[in-house]
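Reading through the structure tokens given below for one structure.
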Amino acid sequence: GVFFLEGAWPVPDVNEPYYLGKAIHFWNPDWIPNDTFLDSADTHKVFYFTFGWLSLWLSPWVLAWTGRLLTWGLLAWSWRRLSYAFVPRRWFSVLTAALFVCLLERFHVAGEWVVGGIEAKGFAYVLVFLGLEALVRNRWNHVWLLFGGAAAFHVLVGGWSVLAAGIGWLLLRHDRPALRSMWPALLGGFLLSLPALVPSLRLTWGVDPQIVSRAHEIYVFERLAHHLVPTRFPSVFVDRFLLLVLLYFVLEWVTPADGAGRRLRLFVVGALMIAGVGLAISLLEYASRPLAAALLRFYWFRLSDVAVPLAAALVATRFVAHALETEPRSGRWALAAAILIAGLHVGGVALQASVPTVPRADRLRNYPDRDRQVYDYLAWRAACRWVAESGEVARDARFFTPRMSQTFKWYARRSEVVTWKDVPQDARSIVQWWDTLHAVYAARSRWGGYRWHNSLAEVGTERIGLLGERYDADYVLTVRWPRLGLPVVYENHSYVIYRLPDPATP
């Protein structure tokens, strides 16, 4: 129930068109043919293989809700096991879950989340929670196997968890199994991770080193700096995360220690050490930007974003449980405060999601007004619906669409030339994506450099025609004004669809 209330936003959520689109296309390449992004290299093949087959029978909307319910159910099951291993009291796992989603959403530093739309990392975190339960119970062989399985779904989520647990094992010194007793499980976890590790390594195999270097810089510093480069993180994000780290260690200090708490604490220390290495690497940007990009692309801050709120929620609840046993009066006040904090967060999110609203995938968060939704959402849906239902638009037709749109393929089921959201993963495709994005949407600034066009209509009729020939596009979907001198095939009060000339026509 907690995870449902936290994640039940209207479909599609932010990343669902991206990941579900790839999963559907993995099983049915004829679904939106001729799309450069969907045809690019697949990195989450275990997720596509184990879940995407449902798309052969389910519509994208039903597929999204099926995946959400499945993921939330598995997350709830694995979280309860972890929570009960750390705080063995009935119903306290509900409180720890609510505190966890509250702290994760409000105190992250790099934008990581666990409960939300359907994608590969949701299943990976199920196995991470089970691995942490095994860690708390001192079952190290299970830890390596479960984290290896997590890496099969998402190589970075599982891989960083393995490294953090390894750091914790090294720091533990006492009450730990010998390395020779764990090597079969370590080998097994490594073998489990190979279905994700090998495709990830292949993203740069056989590619010119200059192309690889440029792809890394584009990926890290141009497209995903808000997740990867700590100097680009908002200062308020950094401050609140450091505040949570301080709060966690204070709670650790005032809560009676045991082996379970010590092992969890060292896992958190491992995650923070990984983040510290990422922070040090970011300083290389000023000495060697290509080297910094090559290293920062591994999401060094992802695990600490999850590990600190997770541990803080568990330790805070253990503190409350201990207070209830030793000082019942103050314990009841502490419990009431914890329930109030968690309840206000989950209740607020549930109320916000229950009000008729625009799906989060249709909110243009890269604009200065970060809460601005897609321009005239209902008109956008109407234009996409016409494309999907019109008999005159071929299934393999390609469209120029607004640069920041994320849901055209989801609603219209047609190919796009390029958009900001749909960045591919392999090095050669990243460079091609960036060059195409600039060719279509960028204009030289009078002060040097470039600026983005506000709409495709600003590109001009002649240039959009040449771009259509270059990128094999058939239509342009853009706002009504300014007008282009092209044949109009559809128009509503906000959007217009133009047909591009046939390249064979003089």
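Spot the failing condition for Leu172; the list is (1) open to solvent by less than 60 Å² (accessible area, probe 1.4 Å); (2) under 29 Å from the mean Cα position of the chain (by Cα); (3) touching a residue at least 40 places away in the same chain (Cβ under 8 Å); (4) closer than 21 Å to Gly276 by Cβ, and only one is missed.
(2)
Would you mind finding the one in Ala196, Ala215, Ala260, Ala185 that is in contact (Cβ under 8 Å) with a residue 40 or more places away in the chain, under 30 Å from Thr326 (Cβ atoms) and crowded, with 16+ Cβ neighbours inside 10 Å?
One residue alone meets the criteria, Ala260.
Need pairs with beta-carbon distance below 8 Å; first residue in contact (Cβ under 8 Å) with a residue 12 or more places away in the chain and in a helix (DSSP H, G or I) and within segment 312-340, second surrounded by fewer than 19 Cβ atoms within 10 Å (Cβ to Cβ) and basic (Lys, Arg); sequence gap 6+ or separate chains.
Ala321/Arg89
Output the number of residues of segment 49-67 satisfying the condition of being of a type in the set (Phe, Trp, Tyr) and more than 22 Å from Val115 (Cβ to Cβ).
Of the residues in that region, 3 qualify.
Which one of these is under 26 Å from Ser390 (Cβ atoms), over 32 Å from the mean Cα position of the chain (by Cα) and surrounded by 15 or more Cβ atoms within 10 Å (Cβ to Cβ): Tyr471, Tyr498?
Tyr498
Condition check: at pLDDT below 90, within 26 Å of the chain's Cα centre (by Cα), within 28 Å of Ala98 (Cα to Cα) and part of a helix (DSSP H, G or I). Does Leu344 satisfy that?
no
So which residues in segment 145-186 are part of a helix (DSSP H, G or I) and within 20 Å of Asp258 (Cα to Cα), if there are any at all?
Those that are part of a helix (DSSP H, G or I) and within 20 Å of Asp258 (Cα to Cα): Ala164, Ala165, Gly166, Ile167, Gly168, Trp169, Leu170, Leu171, Leu172.
Yes/no per residue for (1) within 22 Å of Ala275 (Cβ to Cβ); (2) among the β-branched types (Val, Ile, Thr):
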site: Val109; (1), (2): yes, yes
site: Ala124; (1), (2): yes, no
site: Leu130; (1), (2): no, no
site: His142; (1), (2): no, no
site: Phe147; (1), (2): yes, no
site: Ala152; (1), (2): no, no
site: Val155; (1), (2): yes, yes
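How do the pairs read when you match residues in segment 83-100 that are free of Cβ contacts under 8 Å to residues at least 60 places away in the same chain with residues anywhere that are of a type in the set (A, V, I, L, M, F, W, C) and open to solvent by less than 20 Å² (accessible area, probe 1.4 Å), using Cβ under 8 Å and keeping only pairs 6 or more apart or on different chains?
Sorted first by the residue in segment 83-100, then by its partner, the pairs are Ser93/Trp79; Ser93/Val87.
Just to be sure I understand, how many residues within segment 238-257 are in a helix (DSSP H, G or I), in contact (Cβ under 8 Å) with a residue 60 or more places away in the chain and open to solvent by 60 Å² or more (accessible area, probe 1.4 Å)?
3
Please indicate, with yes or no, whether at least one residue in segment 389-398 is in contact with an Asp or Glu (Cβ under 6 Å, 6 or more places away or on another chain) and either in a helix (DSSP H, G or I) or over 30 Å from Val277 (Cα atoms) (or both).
The answer is yes; a qualifying residue exists.
Hey, among the residues in segment 419-435 that are in contact with a Phe, Trp or Tyr (Cβ under 8 Å, 6 or more places away or on another chain) and open to solvent by less than 20 Å² (accessible area, probe 1.4 Å), which one's nearest to Pro17 (Cα to Cα)?
My answer is Asp422.
For segment 99-118, does any single residue satisfy the condition of being more than 25 Å from Arg223 (Cβ to Cβ), open to solvent by less than 50 Å² (accessible area, probe 1.4 Å), in contact with a His (Cβ under 6 Å, 6 or more places away or on another chain) and modelled with pLDDT of 95 or more?
yes
Starting from residues that are of a type in the set (A, V, I, L, M) and either closer than 18 Å to Leu20 by Cα or open to solvent by 20 Å² or more (accessible area, probe 1.4 Å) (or both), keep the ones in segment 389-418 and report whichever is nearest to the chain's Cα centre (by Cα).
Selected residue: Val418.
Kindly check whether there is at least one residue in segment 64-81 that is in a loop (DSSP other than H, G, I, E, B) and either open to solvent by less than 60 Å² (accessible area, probe 1.4 Å) or aliphatic (A, V, I, L, M) (or both).
no
In this structure, is Trp447 among the aromatic types (Phe, Trp, Tyr), under 25 Å from Arg499 (Cβ atoms) and outside any strand (DSSP E or B)?
The answer is no for Trp447.
Of the residues Ser304, Ser282, which single one is open to solvent by less than 10 Å² (accessible area, probe 1.4 Å), of a type in the set (Ser, Thr, Tyr), within 26 Å of the chain's Cα centre (by Cα) and farther than 21 Å from Trp79 by Cα?
Unique residue meeting the criteria: Ser282.
Per-residue answers, yes or no, for (1) within 21 Å of Pro10 (Cα to Cα); (2) under 21 Å from the mean Cα position of the chain (by Cα); (3) not in a helix (DSSP H, G or I):
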residue: Glu105; (1), (2), (3): yes, yes, no
residue: Leu127; (1), (2), (3): no, yes, no
residue: Ala134; (1), (2), (3): no, no, no
residue: Val143; (1), (2), (3): no, no, no
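State yes or no: is Ile274 touching a residue at least 24 places away in the same chain (Cβ under 8 Å), β-branched (Val, Ile, Thr) and open to solvent by 40 Å² or more (accessible area, probe 1.4 Å)?
no
The values are calculated or read from the model by the stated rules, or taken from the named source; none is laboratory data. Here the structure is a predicted model, which is why all the values come from computation and not from measurement. Glycine also receives a Cβ, built like all others from the backbone with ideal geometry; neighbour counts cover every protein chain displayed. Ligands, DNA and RNA are excluded from the accessible area calculation, which covers all protein heavy atoms including side chains. Shrake-Rupley method; radii C 1.70, N 1.55, O 1.52, S 1.80 Å.
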